[in-house]
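Enquirer: Sharing a structure with you now.
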Amino acid sequence: MPFCYIEEIGKYVSQKVTIKGWLYNKRSSGKIHFLLIRDGTGMIQSVMSKGEVPDAVFETYDKLTQESSLEVDGVVREDKRAPRGYELTLTDIRIIQIAQDYPITPKEHGTDFLMDNRHLWLRSSRQQAIMRVRNEIIYAMRTFFYEKRFILIDTPILTGSIGETATTLFETQYFDLGKAYLAQTGQLYNEAAAMAFGRMYCFGPTFRAEKSKTRRHLTEFWMVEAEMAFYDNEDNMKLQEEFIEYVVQRVLDKSKKELVSLERDLSKLEKIRRPFERMSYDEAINHLKKNGSKIEWGSDLGGEDETILANLYEKPLFVYNYPRQCKAFYMKPNPQRADVVLCSDLLAPEGYGEIVGGSQRDDDYDSLVQRIKEEKLPLDAYKWYLDLRKYGTVIHSGFGLGVERTVAWICGLPHIRETIPFPRMIYRLYP
Ligand code: 4AD
Ligand code: MG
């Protein structure tokens, strides 16, 4: 008898198959038992009627509890009325283990309880849908770069030089060499790789000791970062538009079923087409002040400011030309205006806010040394990075996209905590 995964059950209509999985739910009319079985690839309603299976098989129904593991045999029936299009007429059930008091029942649970049980919560159909969309998003991102002939270069997680800012570092003692930091970004290494390979990207976990408890912050998140030699920030923004459009449209195509099950408004995603909107930081500040924000020129946008701006348009919005003082040391000063840098943040619509940060990098040795000193960063740790400005420096730019914020936006989730299998946040290290 063929063993089959539920997602492929359509290939086995009228045949007898074996399915291995877990009991999701059950109900009975007395004479007919219905078992909803999941196997990780999907769910199928399985039916048995008294008298049509041996009594011993029929009676296993009473023993089965939610999340008990089992193997079943049955005949696949196509049924247009069944929620998933197919049903299984059971012929045999073999119990692997009876689960005792599975804590997550079909009733409503609080978020804290569900987060404490994240290792089990992942079995729910909603979490299954989110993780499948995440999988498609990541695959789309990798495919985009692969097809454009960008090379994947893996950057280190244990690092000696601070990538973004000294304020959100996780530190650890590194043998006799002093402190090591968990990478906040792969960017500095990306710049070295761009000088070696031209166009490249890295994809990996990054770490920020963010004390903020918001719906947008994790302490460990995944970032895709591209870096391109001979790109100025205008080229950089164009690439970001193409990238985001590609990812959203492809995921819309591949994950429609999951997005519908998450009740995502697909028409909103269909509108994510180039060109995106643009607004200078100066204009953004004016708009925010008119709309009641307390923000002053010079500071980075707060979460609420981003929400206001991200609600203005249906497409993503680039905010560009931020003040030098609120951005990282490596950004190139705008040659027309020394108080701002050649950078942009991309805000996702529907209030989601920043999903990408990008900039043209300072390619001048002296000006970069000065910025490192201004930021009171240890010059020694950047000797290798400064070498890139000594040996064949060129204009170059890049960006970093936060995977979890992108998953939240595409899935339409209110909070980032459900976008990653095991979230790390200020008050959460387990499971
Ligand atoms: O804007 P950020 O800090 O940019 C960089 O790290 C650059 N070095 C990227 C580059 O140019 N190569 O972070 C980039 C993105 C943000 O736009 C956001 O989507 C995400 O990373 N991000 C976070 N996501 C979840 N939790 C956090 N604490 C995040 N911090 C940043
Ligand atoms: Mg940023």
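Enquirer: D for the range 118-418, whole µm²/s, Stokes-Einstein with Kirkwood Rh over alpha-carbon pairs at 37 °C and 0.692 mPa s: what number? Write out the running numbers ahead of the final one.
Expert: Values: Rh = 20.0 Å.
Diffusion coefficient, whole number: 164 µm²/s.
Enquirer: Report the label-to-label distance for Tyr5 and Asp300 in nanometres (one decimal), using points 7 Å from each Cα along the Cα→Cβ vector.
Expert: Once both label points are built, they end up 4.0 nm from each other.
Enquirer: Given a 1.4 angstrom probe, I'd like the percentage of the accessible area of the chain that is carbon and sulfur, rounded to a whole number. Let's see the in-between values first.
Expert: On the way: 10520 of 20770 Å².
Heavy-atom surface of the chain belonging to carbon and sulfur, 1.4 Å probe: 51 percent.
Enquirer: For helix 125-147, what angle does its Cα long axis make with the longest principal axis of the chain, in degrees from 0 to 90 and rounded to 10?
Expert: Its long axis makes an angle of about 50 degrees.
Enquirer: Something else: Give me the extension gain from Asp235 to Ser261: residue separation times 0.36 nm, minus the current Cα-Cα distance, reported in nm with one decimal.
Expert: 5.7 nm
Enquirer: Still on this model: Between Tyr427 and Asp176, what is 0.36 nm times their sequence separation minus the Cα-Cα distance? Round to one decimal in nm.
Expert: 87.2 nm
Enquirer: So if I place +1 on the C-beta of Lys and Arg and -1 on the C-beta of Asp and Glu, and nothing else carries charge, what would the dipole magnitude of the range 1-118 be about its Cα centre? I want it in debye, nearest 20.
Expert: The calculation lands at about 340 debye.
Enquirer: If you place +1 on the Cβ of every Lys and Arg, -1 on the Cβ of every Asp and Glu, and leave all else neutral, what size is the dipole of the chain about its Cα centre, to the nearest 20 Debye?
Expert: 780
Enquirer: Quickly estimate the mean residue ellipticity at 222 nm for the chain, helices only: each DSSP H run with n ≥ 4 gives -39500 (n - 2.57), and the total goes over all residues, rounded to 500. Could you put the intermediate results ahead of the total?
Expert: On the way: 13 runs with 128 residues, N = 431.
My calculation for the chain gives -8500 deg cm²/dmol from helical runs alone.
Enquirer: Separate question: Cα-Cα over 26 Å: which of Lys211/Lys390; Lys238/Lys268; Lys238/Lys290?
Expert: Lys211/Lys390; Lys238/Lys290
Enquirer: Pulled fully out, how much extra length does the chain show between Thr167 and Glu270, if you take 0.36 nm times their separation in residues and subtract their Cα-Cα distance?
Expert: Taking 0.36 nm per residue and subtracting the Cα distance, the gain is 33.2 nm.
Enquirer: Pull out a ≥ b ≥ c, the square roots of the eigenvalues of the alpha-carbon gyration tensor of the range 182-270, then state rounded if a/c is under 1.5, prolate if not and a/b is larger than b/c, and oblate in the remaining case.
Expert: Oblate is the answer for the range 182-270, as a/c is 1.5 or above yet b/c matches or exceeds a/b.
Enquirer: Whole angstrom only: what separates the Cα centroid of the range 376-431 from the Cα centroid of the range 7-27?
Expert: Measuring centre to centre over Cα atoms gives 42 Å.
Enquirer: What FRET efficiency do you get for Ala82 and His415 if R0 is 35 Å and r is their Cβ-Cβ distance, rounded to the nearest 0.05?
Expert: Numbers: r = 33 Å, r/R0 = 0.94.
So, using R0 = 35 Å, E works out to roughly 0.60.
Enquirer: Throw me the Rg/Rh for the range 257-361, computed over C-alpha atoms with Kirkwood Rh, two decimals.
Expert: 1.03
Enquirer: Across every pair of different alpha-carbon atoms, what Kirkwood hydrodynamic radius in Å does the range 1-43 reach?
Expert: Working: mean 1/r = 0.0879 Å⁻¹.
For the range 1-43, inverting the mean 1/r across all distinct Cα pairs yields 11.4 Å.
Enquirer: What residue among Val340, Ile308, Asn236 has its Cα farthest toward the positive end of the dipole of the range 118-418, where the charges are +1 on Lys, Arg and -1 on Asp, Glu, each on the Cβ?
Expert: Ile308
Enquirer: The range 1-146: D in µm²/s via Stokes-Einstein (Kirkwood Rh, Cα pairs, 20 °C, 1.002 mPa s)?
Expert: 129
Enquirer: How far is helix 233-254 tilted off the main Cα axis of the chain, in degrees rounded to 10, range 0 to 90?
Expert: 0
Enquirer: Separate question: How far is it, in nm, from the label point at Thr41 to the one at Arg149 when both lie 7 Å from their Cα along the line to the Cβ?
Expert: 3.7
Enquirer: Same structure again: So what's the angle, to the nearest 10 degrees on a 0 to 90 scale, between helix 187-197 and the longest Cα principal axis of the chain?
Expert: 80
Enquirer: Once you put a point 7 Å from the Cα of Asp282 and another 7 Å from the Cα of Ser124, both along the Cβ direction, what distance in nm separates them?
Expert: Placing both labels 7 Å along Cα→Cβ, they lie 4.9 nm apart.
Enquirer: Skip the ligands, DNA and RNA, and give the accessible area per residue of the chain with a 1.4 Å probe, whole Å².
Expert: That works out to 48 Å² per residue.
The values are calculated or read from the model by the stated rules, or taken from the named source; none is laboratory data. Keep in mind it's a predicted model, so treat the numbers as computed, not measured. For neighbour counting, all protein chains shown are included, and Cβ atoms are generated from backbone atoms with ideal geometry for every residue, glycine included. Heavy atoms of the whole protein, side chains included, go into the accessibility calculation; ligands, DNA and RNA do not. Shrake-Rupley method; radii C 1.70, N 1.55, O 1.52, S 1.80 Å.
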